[in-house]
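Here's the structure, in C-alpha cells; my notes come after.
The values are calculated or read from the model by the stated rules, or taken from the named source; none is laboratory data. Predicted, not measured: the structure shown is a model, and the values here were computed from it. Quick reminder, even Gly has a Cβ in these numbers, built from the backbone with ideal geometry, and neighbours come from all protein chains shown. Just the protein is used for accessible areas: all its heavy atoms, side chains included, with ligands, DNA and RNA removed. Shrake-Rupley method; radii C 1.70, N 1.55, O 1.52, S 1.80 Å.
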Amino acid sequence: MTDLPFGSLSVHRDTDAGREIFVTFDSTGVLSAFNGHVDLGTGIETALAQIVAEEAELPLSRVQVILGDTARTPDQGPTIASETIQVAAVPLRLAAAQLRAELAARGARRLNAPEGGVTLREGVVHWKDTSVAFEALLEGREEMLRLDLATPLKSHVDYQIVGQKTARKDLPAKVTGQHTYIHDVDVAGMVHGHVIRPPYTGRDSGPFIGTSLIGFDEAAVRQMPGFLAVVRHGDFLGVVATRADQAQAIAEALPVDWRRPPAAPDLSDLRHAIRNQPATPRALDLSGDFARGLAESDTNLTRSYVWPYHLHGSIGPSCAVADWNAGRPIVWSGSQNPHMLRGDLATLIGLPPEEIEIRRYQAAGCYGRNCADDVCGDALLLARALGRPVRVQLTRAQEHLWEPKGAAQLMDITGGLKDGALHAYSLDTWYPSNRGPNLALLLTGAVSPEPRPSDMGDRTTVPPYRIPHKRITVHDMAPIVRAAWMRGVSALPNTFAHESFIDEMAHEAGMDPVAFRLAHLDDPRAADLIRRTAEAAGWQPHQRPRLRREGRMAYGTGFAYATYVHGAFPGTAAAAAAWVCDVAVDMESGEVTLTRVFVGQDQGLVINPDGVRHQIHGNVNQTASRVLTEEVSFDEITVTPQSWASYPILTFPKVPEIETLLIARPEEPALGVGESAAVPSAAAIASAIFDATGVRMREAPFTPEKMRSALGIAPRVVTPPALPGMIPAKPRKPRRFAMAAALGGALTAGVIALPMARAIPPAPPPARGVSLTNFCNAALRSLPLATAPPATLPRAASPMPVAAR
C-alpha cells in the first residue's frame, strides 16, 4: 500500500503466561486484531472487525481478524457461554481505541496542530487543509503500547460502523465452495489414520476405561493395500495408511479382542436414574423462609420436568490433522477451545503447552463439546508414532456414538400462591455433566477415569420474578454417560421448568400468562421487553386454554421469557429473549407442528443487526428440533443413534416462520446473543400446546408418541413405505432413554472377543420407478456438508436436515 519502511504499532498485555497482543497496525495500512475465541459460523469475525474498525477509525476493509491460533492470539478461554462479544471483545475494543488515540496524537504533532483539534477519518488524520495517513506515523520499527484499561471509548452517537448491517466476511467463499474448512486441510506428506474405539461407547468413568484392550492381530492386516502402522496406547487403537479409505478398510478388518464392559446404571426411567445418582447439593438462593412461605400459601403445586440427552449432531464428522514436527507439534483443528485443547494435548504427550501450536479452521457447527477436540488427540498420537503428518476424520457412527452428549436434566419445583401472587418457590435441579475430558487422555490413561462432577447445572437457576421465599438448589453430579456443554447448557432446561411452572401458576391464579409475569417483575428493562414482544407478536390475553379446533387440528399460542445467565453462579447475564409461538397439534396422530415463532430480544448495543438475526434464526431452528424431535436412546451395550436415520433432526419443510424484534439499546454494553434466543423455547412451545389442548407437557421432546400418551390417544403403529430396492425401516421404539436392563442387566466383566462395530451398509442405487429427487433426499441426509474422503456412509431415509448447527 505504501513505500514506507516497514513498521508496526501493537497494543499488548503482559500476563503470567506471557505477552498477549490484541491489535497490530503496520505500514501496509492494515490492522490485525487478535482474539482467542473462534467463529462457529456465528459471524464473530465480522462483528469483531466492526468493533475494531469503529474504534480505530479505519475502513472495515483494512481490518483483519485472527481467531483461535494459539501461537498468535491471547488465551481467552473456550468459545462458550455467548462470551465473545460481551467479554472477549472488551480488551480488543480498548486496544483499538488506544491505537487510535496514539496515532491521533502523533498526527497532531506531525501537522503542528492542537491534539484535540484534529479529526480522523478512514485511517487519515486531518487538520485544516493538511492530512497524514496513519501508516506514515509509524517509526519504521516494531513498537509496543501496554494496554490502558482507562482508555476513552467512542460515544455510541458517533458510531458509523457498529450498529449497521454488515455482510459477513466469510459467506462469499462459503457459498461459492472456496472456503477452507478443517476437512479441506492438506499438508505435504500427509497420510491418513482411522481409530478403533472400545466397546464401552459413550462412557468416561470407571476402572475399565483405558484397561479393556486385550490384543489385536496386526499380521492379519499388514499386507493390505496402503498399510503403514497400527498404533496402540492403552485403549487407544488406530491404524495409519496411505489413503483414508485404506485406513478404514484396515481398521474394519483388524481382529481385536476387548474385555466386555461392566453394567451401567439403568436409564430406562430417566427421572429416577438421575435422581438416584450420587450428587452434592449446593444452595444458591435461600432468601426468605421457604417452608414458612409454602405453609402460608393458599395454592401449592409440585411439578417435575425432564430434559433428554441430545446429540450436538454436527453435519460433518470431526476431523483434524497433526504434524509431529520434530517434537514441536502443529495441530490443525476445528476445536472451539484451542487454548484448552493445547493444554490437554500437552498432558497427553508430555510437552509444555507453549511447544504445541493449534491452528484453528472452521468445522461443521457444534455449539458445544462434540468430538472436535478428541480427534485432535487421535491425530497427534498417530503423528507422533509415524513422525509425519496424519489426518483423522471420524465416521458418522463414531461421531454420534462418542461425542459428549448434551446432558439430560431433572428439575423439581414446588411453589405457592398467596392471594393470587407468587409467595414461595423452590427449585432442585440435577445436571449430570462435566467439561468433557479429552477422550485420548482417558483411553491412554494420561488422566484417571474417576467420575468428575462439574458446576455447570447452575445457569439461569434463579427465576427473575419477585418471590418473597425461595429455596434454589443445584445438585452437582458427574456424568452418567459422557456429557458436556451444549447450546443453552443447563439454562435451557432450567428455564423450561421455570417458565412452564410460572405458566401453571398463572393458570391457577386465573391470570393471563403475560400479565402474570409482568405483575411479578421489578426489572423495568425486562418488563419493557415482554410488553413490546407481546404487542408486536399480536398476543391475545387469555386466562384459560382456548382449545381452538378445526377438524382434527388444535391450535395454540404460547409465551416464555428468560435471561441467559452464563458462567458459574451467580454468573453473568447475556441477552434476554421472549418467545411468542404458534403450534398446530394433530389430535389423531399427536404430531406437533411449530408454525410461527416471534422472538423479541434485548442485547444492549447491537454490533451487526443481521448477525444478531442470524443467531436468533439458528437458535430457533436448532432448539425447535431439540424440543420436538431429538432424544438419544441406548440399547444393552451402546448409544443407539449411528446415523441420521436413527436420530432425526428438523428438516426444511418443518422450519417455522420466524419474526424478530431487536430492542437496541446502544447506550448499554453489548450482550452475548449466541444462546439467549434458545433458552425460552421449550417452555413457550409447551405453553402453546397447553393453549391448544389443555395438556401440560413436562418431559421433552414433545414427540407424537408422548403427545398421544398425554392426550389419551390410543397408540398406533405406522410403518412408512420403503423405497423399492431398499430395506424397510423397522418401527421405531418409544423414544425414551433406555439403556435396557442396565446395559445388558446381568453382564459381567470378563475376557471375551468383541468384534469392532461395522459401518451400516450403503444404500443401493434407486430401483426402477424411484425418482432421483427422492433417492437423493434420502442419500444426502447421510453426507457431511464439508469435504470428506471416500468412506462407507450410513443410509438415511429422510429429507435433508436443516444445517443450523
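One residue stands out in the stretch 65-81 among those that are closer than 26 Å to ARG459 by Cβ and in contact with a strand residue (DSSP E or B) (Cβ under 6 Å, 6 or more places away or on another chain): the one that is surrounded by the fewest Cβ atoms within 10 Å (Cβ to Cβ), namely LEU67.
Among the residues of the stretch 271-321, those that are surrounded by fewer than 15 Cβ atoms within 10 Å (Cβ to Cβ), aliphatic (A, V, I, L, M) and outside any loop (DSSP other than H, G, I, E, B) comprise ALA283, ALA291, ALA295. The criterion of at least 3 residues that are under 30 Å from GLY368 (Cα atoms) and among the polar types (S, T, N, Q) is met, among helices (runs of 4 or more DSSP H) falling completely within the stretch 482-590, by 491-509.
Every listed requirement among (1) part of a helix (DSSP H, G or I); (2) buried (at least 24 other Cβ atoms within 10 Å of the Cβ); (3) touching a strand residue (DSSP E or B) at 6+ places or on another chain (Cβ under 8 Å) is met by LEU401 save one, (2). Filtered by the rule that a residue be open to solvent by 10 Å² or more (accessible area, probe 1.4 Å), closer than 17 Å to GLY210 by Cβ and part of a loop (DSSP other than H, G, I, E, B), the stretch 250-263 gives a lone residue, PRO262.
Could you tell me which of the residues GLY457, GLY488, GLY445 is buried (at least 20 other Cβ atoms within 10 Å of the Cβ) and touching a residue at least 60 places away in the same chain (Cβ under 8 Å)? Just one listed residue meets the conditions, GLY488. Selection over the stretch 146-174 of residues that are buried (at least 16 other Cβ atoms within 10 Å of the Cβ) and either of a type outside the set (D, E, K, R) or under 13 Å from SER8 (Cβ atoms) (or both) gives a count of 7. With respect to ARG626, is the statement that it is free of Cβ contacts under 8 Å to residues at least 60 places away in the same chain and not in a loop (DSSP other than H, G, I, E, B) true? No, not satisfied. Kindly indicate which of ARG471, ARG482, ARG452, ARG466 is crowded, with 23+ Cβ neighbours inside 10 Å and either touching a Phe, Trp or Tyr at 6+ places or on another chain (Cβ under 9 Å) or in contact (Cβ under 8 Å) with a residue 40 or more places away in the chain (or both). It is ARG482.
Here are MET707, MET697: which of them is touching a helix residue (DSSP H, G or I) at 6+ places or on another chain (Cβ under 6 Å), closer than 21 Å to PHE501 by Cβ and of a type outside the set (S, T, N, Q)? Among MET707, MET697, only MET697 is touching a helix residue (DSSP H, G or I) at 6+ places or on another chain (Cβ under 6 Å), closer than 21 Å to PHE501 by Cβ and of a type outside the set (S, T, N, Q). Among the residues making up the stretch 230-244, a single one is open to solvent by 20 Å² or more (accessible area, probe 1.4 Å), assigned to a strand (DSSP E or B) and among the β-branched types (Val, Ile, Thr): VAL230.
Being without any contact (Cβ under 8 Å) to a residue 60 or more places away in the chain and over 28 Å from GLY436 (Cβ atoms) holds for only one residue in ALA188, ALA173, and it is ALA173.
For the stretch 184-206, the criterion of being over 30 Å from GLU122 (Cα atoms), outside any strand (DSSP E or B), aromatic (Phe, Trp, Tyr) and open to solvent by 10 Å² or more (accessible area, probe 1.4 Å) is satisfied by no residue at all. A Cβ distance below 6 Å, combined with a sequence gap of six or more or placement on separate chains, defines the contacts here; from the stretch 506-528, residues that are on the phi < 0 side of the Ramachandran plot reach residues that are among the charged types (D, E, K, R) and not in a helix (DSSP H, G or I) in the pairs HIS520/ARG466; ASP522/ARG466.
So for the stretch 353-363 (the condition being hydrophobic (A, V, I, L, M, F, W, C) and surrounded by fewer than 24 Cβ atoms within 10 Å (Cβ to Cβ)), does at least one residue qualify? Taking every residue of the stretch 353-363 in turn, none turns out to be hydrophobic (A, V, I, L, M, F, W, C) and surrounded by fewer than 24 Cβ atoms within 10 Å (Cβ to Cβ). Pairs meeting the criteria (first residue in the stretch 285-303 and within 20 Å of MET411 (Cβ to Cβ) and touching a residue at least 60 places away in the same chain (Cβ under 8 Å), second residue assigned to a loop (DSSP other than H, G, I, E, B) and basic (Lys, Arg), beta carbons under 9 Å, at least 6 apart or on different chains) are ARG303/ARG696; ARG303/ARG698.
Here GLY551 passes the criteria (1) at pLDDT below 95; (2) on the phi > 0 side of the Ramachandran plot except the one numbered (1).
Each row is one residue, and each column tells you yes or no for (1) under 23 Å from the mean Cα position of the chain (by Cα); (2) at pLDDT 95 or above.
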{"site": "THR651", "(1), (2)": "yes, no"}
{"site": "SER681", "(1), (2)": "yes, yes"}
{"site": "ILE685", "(1), (2)": "yes, yes"}
{"site": "MET697", "(1), (2)": "no, yes"}
{"site": "PRO721", "(1), (2)": "no, no"}
{"site": "GLY725", "(1), (2)": "no, no"}
{"site": "PRO728", "(1), (2)": "no, no"}
{"site": "MET756", "(1), (2)": "no, no"}
{"site": "PRO764", "(1), (2)": "no, no"}
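Inside the stretch 272-300, residues that are of a type in the set (Lys, Arg) and under 28 Å from PRO453 (Cβ atoms) make up a count of 2.
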